[in-house]
Amino acid sequence: MDKNFFTINGAVNRSGKYSFVEGDELSDAIELARGLNPAYENVKLAQIKRLSYDGLNQETINVNIKDNHILNRGDQVIILAD
């Protein structure tokens, strides 16, 4: 769990740190976080923060939730809401 994880927070029911399995997608992360929180309307976007291999640079990727983006080990997922 020290290295095989991703985090998810924002407009989800259960923010947290979850075990990463090769092939995990954004929809898997949302499902593990017990879905989108119904208190938020029009939840369509997510932001994925990803460190470079050497850990010196951070990339921010904005994606549509429906695109079901593939996750990488160590990703930080933020489900954006209005």
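The values are calculated or read from the model by the stated rules, or taken from the named source; none is laboratory data. Just so it is clear, the model here is predicted, and its values are computed rather than measured. Glycine gets a Cβ as well: all are built from the backbone with ideal geometry, and neighbour counts include every protein chain shown. Quick note on the areas: whole protein, heavy atoms, side chains included, nothing else; ligands and nucleic acids left out. Shrake-Rupley method; radii C 1.70, N 1.55, O 1.52, S 1.80 Å.
Within segment 25-82, track down each residue that is touching a Ser or Thr at 6+ places or on another chain (Cβ under 6 Å) and of a type in the set (A, V, I, L, M). Within segment 25-82, none qualify.
Show the residue pairs that are 6+ apart or on different chains and have beta-carbon atoms under 8 Å apart, the first residue being within segment 1-28 and closer than 19 Å to LYS44 by Cα, the second being basic (Lys, Arg) and open to solvent by 50 Å² or more (accessible area, probe 1.4 Å). What qualifies is THR7/LYS17; VAL12/ARG34; ASN13/ARG34; ARG14/ARG34. I'd like the residue in segment 29-47 that is in contact with a helix residue (DSSP H, G or I) (Cβ under 9 Å, 6 or more places away or on another chain) and in contact (Cβ under 8 Å) with a residue 40 or more places away in the chain and, out of all such residues, is most open to solvent (accessible area, probe 1.4 Å). It comes out as LEU36. The number of residues in segment 48-80 that are open to solvent by 50 Å² or more (accessible area, probe 1.4 Å), of a type in the set (Ser, Thr, Tyr) and in contact with a strand residue (DSSP E or B) (Cβ under 8 Å, 6 or more places away or on another chain) comes to 1.
Picking from residues in segment 55-69 that are hydrophobic (A, V, I, L, M, F, W, C) and out of contact with any Leu (no Cβ under 8 Å at 6 or more places or on another chain), the one that is nearest to LEU26 (Cα to Cα) is ILE61.
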